[in-house]
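Structure record follows, encoded as structure tokens.
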Amino acid sequence: MLGSDDYMNAFLEAKRYLDDLAAKSNASVPVQYPPEEKMGDLALPVGFKLAKALRKNPQDAASEFAEQINHPAIQRVEVVGGYVNIFLKRAEIARDVLQKATQSDYGAEEAKGERVVIDYSSINVAKPMHVGHLRSTILGGSLRRIYRFRGVEAVGINYLGDIGTQFGKLIVAYKKWVDEQALEREPIKELLRIYVKFHEEAEKSPELEDEAREAYRRLEEGEKEYVELWKKFRELTIKYAEKIYEMLGVEFDEISGESFYVEKARELAETLLTMGIAERDPETGAIIVDFGEWGKDVILKSDGTTLYLSRDLTALLDRVERYAPKKLIYVVGSEQSDHFRKLFWLARKLGVKEELIHVPFGLINLPEGKMSTRRGRVIFLEDVLNKAIELAGEEMKKRETYNEADARKIGVGAVNYAILKVEPEKNITFQWSRILSFEGDTGPYLQYSAVRARKILEKADGWNPKIPETVNDDEWKMIKLLARFPEVLSDVMAKDRPHILARYSYELARTFHGFYDRNPVLQSEEPVRSFRLSIVKGFYNVLSRSLNLLLIDVPERM
């Protein structure tokens, strides 16, 4: 067997060998995947890097490099211009890759003793989860699954927005206008209704703002009635959100909140002042930090009120102390990029050595327009998911395959994939006709591909994996894509970008359909039949695992 360890298959081992060889030759260049089979299986543009050092033209430099290549997986080497094109031994590679890819745990790694902390979703107490929460929630949930599958303990944290003057407004609104029966039926919608009503009434009666400030002061001072109301709002929010998280397949290991860090944030602000990292504003008395080109920011108001920055810094230090993570990841919108630059700057000043990552994401655009909780223009996330399930069900009814469980899997899977396939930094235009299509780059297309492969395997009456002497181009494309699965997962973790896995999954599914349409499987003679069934099984294993890591379930029927 060519593979040298449990997860490294022969294809990736050959690629790693070429990487190492290029590095030793002082021509460290990335190994490329040629777009056409005639250009080889792997390619290295080493000649352009070595030409100057060797005082030769790129072709001669590449030829000199090619003479060093000696690996049991390599069939032949061709030099074209400054490129060294590598052709691998198809049958040997296929045997090793399929032996691994047909195992249910292919791509998994044992625990590494490493830990990462991922902050995602981070909803606001007493406010509905809307479409704007989708990206943080789904991106973070997917990253948590991928890290765990690869042997890294990922701690998912839902860091609630559970402090601020809005709670004074909500307490006043609750005491004046709450409908207890409506609160029992749909608690968050009722809390939103009275919150919106507060702002409508405050425009007519500005003294309500004074009542709200007084209510928030009494809450901060710990008055029992107000604290109990705050706890009620918090518990109702968590209970409401749990239903949506279950629909999305998102899990957390810790639910905390900004309120946990208020007192420590005040102490930390004073510490920063003592250390000379912060200074006191001579005019206002507030504690501020000068971030140079990023400007100045208040971390503690003159009245002792903390801000996002001081609370988030305190939370960061707490996570470092409690979890000793290798990396801390924050999946938060692009509009907070300046906040995280300052947060990470302060953390470094306080001696934090761990890797600090902000995964920023763009907006989700909908025809309904910009959302505003204050004015009540909110597109509820629960409603979006229910609509996706309803539309998926309608499509299944046309195909006479409807059942409620599969409609939920298809509808939610379509939403999750529509989010995850896009680079986080880019905006998304949410269009139902596109995301729920059973064709093209969509969740339902990938689910259909997995169901199709499973049906093929169910029809097979058993087989013994065999590798024929020749492997055709369609079969070879599938083998190479299956071989790359562990590498794709490593790339996702290195960049904290699940869209890399989503794009790979679509390429894998599209290639599978081409392979299956042009190559009979069940009707083939042995050993080709068994070989192709092994490819189908490897495909099903890898695609269904990829979908799981992307928070997508495979339905029974489409």
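Order these peptides, 119-127, 206-214, by their mean beta-carbon neighbour count within 10 angstrom, highest first.
119-127, 206-214
Using Cα-Cα distances under 8 Å and only pairs 6 or more residues apart, what relative contact order does the range 106-157 have, in percent?
58 percent.
Tell me, what are the semi-axes, in whole angstrom and largest first, of the equivalent ellipsoid of the range 10-88 as set by the roots of 5 times the Cα gyration tensor eigenvalues?
19, 13, 10
Cross-link list Lys127/Lys243; Lys239/Lys327; Lys398/Lys477; Lys301/Lys426; Lys301/Lys349: which exceed 26 angstrom alpha carbon to alpha carbon?
With Cα atoms farther than 26 Å apart: Lys239/Lys327; Lys398/Lys477; Lys301/Lys426.
Using Cα positions and a limit of under 17 Å, work out the aspartates and glutamates in reach of Lys56, with same-chain residues fewer than 8 apart set aside.
Output for Lys56: Glu64, Glu67.
Once you have the Kirkwood Rh of the chain from its Cα pairs, apply Stokes-Einstein at 10 °C and 1.306 mPa s and quote D in µm²/s.
Estimated diffusion coefficient is 59 µm²/s.
Let me know the shape class of the range 367-508, please: from the alpha-carbon gyration tensor, a ≥ b ≥ c as square roots of the eigenvalues, rounded when a/c is under 1.5, otherwise prolate if a/b is greater than b/c, or oblate.
Oblate shape, in that a/c is at least 1.5 and b/c is the bigger or equal ratio.
Give me the net charge for the shell around Lys327: Cβ to Cβ below 10 angstrom, other residues only, Lys and Arg +1, Asp and Glu -1.
Here the count lands on -2.
Return the whole-Å distance between the Cα centroid of the range 497-517 and the Cα centroid of the range 445-460.
If we compute the Cα centre of each part, the gap is 14 Å.
What's the Kirkwood radius of the range 467-558 in Å, using all Cα pairs?
14.1 Å
Would you grab the residues whose amide H sits under 5 Å from the one on Ile364? Only those 5+ places off in sequence or on another chain, please, with H modelled 1.01 Å from N.
Ile428
What lysines does Lys480 reach when the alpha-carbon gap must be under 22 Å and sequence neighbours fewer than 8 apart in one chain are set aside?
The reachable lysines, counting only those whose Cα sits under 22 Å from Lys480, are Lys15, Lys38, Lys89, Lys100, Lys421, Lys466, Lys537.
Could you give each residue of the range 421-435 its phi-based ³J(HN,Hα) in whole Hz, using Karplus coefficients 6.51, -1.76, 1.60 with θ = phi - 60°, and x for Gly or Pro?
My calculation for the range 421-435 gives 6, 9, 3, x, 5, 7, 6, 10, 9, 8, 10, 4, 4, 7, 6 Hz in order.
Pulled fully out, how much extra length does the chain show between Glu400 and Glu423, if you take 0.36 nm times their separation in residues and subtract their Cα-Cα distance?
Gain on extension, Glu400 to Glu423, equals 4.8 nm.
Work out how much length Arg76 to Glu109 would gain on full extension: take 0.36 nm times their residue separation and subtract the Cα-Cα distance, in nm to one decimal.
In short, 8.7 nm is gained.
If you build the convex hull over the alpha carbons only and average its shadow over all orientations, what do you get for the range 56-213? Give it in nm² to one decimal.
19.3 nm²
With each run of n ≥ 4 DSSP H residues scored as -39500 (n - 2.57), what mean residue ellipticity at 222 nm is computed for the chain after dividing by its residue count and rounding to the nearest 500 deg cm²/dmol?
-17500 deg cm²/dmol
Please list, in order along the range 323-336, the HN-Hα scalar couplings obtained from phi with the Karplus expression 6.51 cos²θ - 1.76 cosθ + 1.60 (θ = phi - 60°), rounded to whole Hz, x for Gly and Pro.
These are the phi-based 3J(HN,Hα) values: 10, 6, x, 6, 8, 10, 10, 10, 9, 9, x, 4, 5, 9 Hz.
For the range 120-365, calculate the relative contact order in percent as a whole number, restricting contacts to Cα pairs under 8 Å that are 6 or more residues apart.
Computed over the range 120-365, the figure is 20 percent.
Decide, for the range 155-296, between rounded, prolate and oblate: order the square roots of the alpha carbon gyration tensor eigenvalues as a ≥ b ≥ c, take rounded if a/c falls under 1.5, and otherwise choose prolate if a/b is larger than b/c, else oblate.
Oblate.
When you count, for each residue, the other Cβ atoms within 10 Å and take the mean per peptide, how do 542-554, 293-305 rank with the highest first?
542-554, 293-305
Could you put Leu482, Leu42 in order, starting from the residue whose Cβ has the fewest other Cβ atoms within 10 Å?
Starting with the residue having the fewest Cβ neighbours, the order is Leu42, Leu482.
Through the Karplus equation 6.51 cos²θ - 1.76 cosθ + 1.60, θ set to phi - 60°, convert the phi angles of the range 248-263 into ³J(HN,Hα) values in whole Hz; use x for Gly and Pro.
Result, ordered by residue: 7, x, 9, 10, 10, 9, 8, 10, 10, x, 4, 4, 5, 10, 4, 5 Hz.
How far, in degrees from 0 to 90, does helix 381-398 lean away from the longest principal axis of the Cα atoms of the chain, to the nearest 10?
Helix 381-398 sits at roughly 40 degrees to that axis.
Report the FRET efficiency, 1/(1 + (r/R0)^6), for Lys38 and Glu235, where r is their Cβ-Cβ distance and R0 is 56 Å, rounded to 0.05.
In this case the efficiency is close to 0.30.
Can you grab the distance from the C-alpha centre of the range 98-113 to the C-alpha centre of the range 306-354, Å, no decimals?
33 Å
Tilt of helix 337-349 relative to the longest C-alpha principal axis of the chain, in degrees (0 to 90, nearest 10)?
Helix 337-349 and the main axis of the chain meet at about 90 degrees.
For each of Lys197, Lys52, count neighbouring Cβ atoms within 10 Å of the residue's Cβ, then give the residues from fewest to most.
So the ranking, lowest neighbour count to highest, is Lys52, Lys197.
Among the lysines, which have Cα under 22 Å from the Cα of Lys52 when same-chain residues fewer than 8 positions away are ignored?
Output for Lys52: Lys24.
Of the peptides 21-33, 467-479, how do they stack up when ordered by the mean number of other Cβ atoms within 10 Å, highest first?
467-479, 21-33
Bin by bin, in steps of 10 Å, what percent of the Cα pairs in the range 120-365 do you find, going until the bin that has the longest distance?
7, 27, 33, 25, 8, 0
Could you put Met396, Met129 in order, starting from the residue whose Cβ has the fewest other Cβ atoms within 10 Å?
Ascending Cβ contact count within 10 Å gives the list Met396, Met129.
Each value in this text was obtained by applying a stated rule to the coordinates, not by laboratory testing. Quick caveat, the model's predicted, so the values are computed rather than measured. Every residue, glycine as well, gets a Cβ built from its backbone with ideal geometry; the counts of neighbours run over all protein chains shown.
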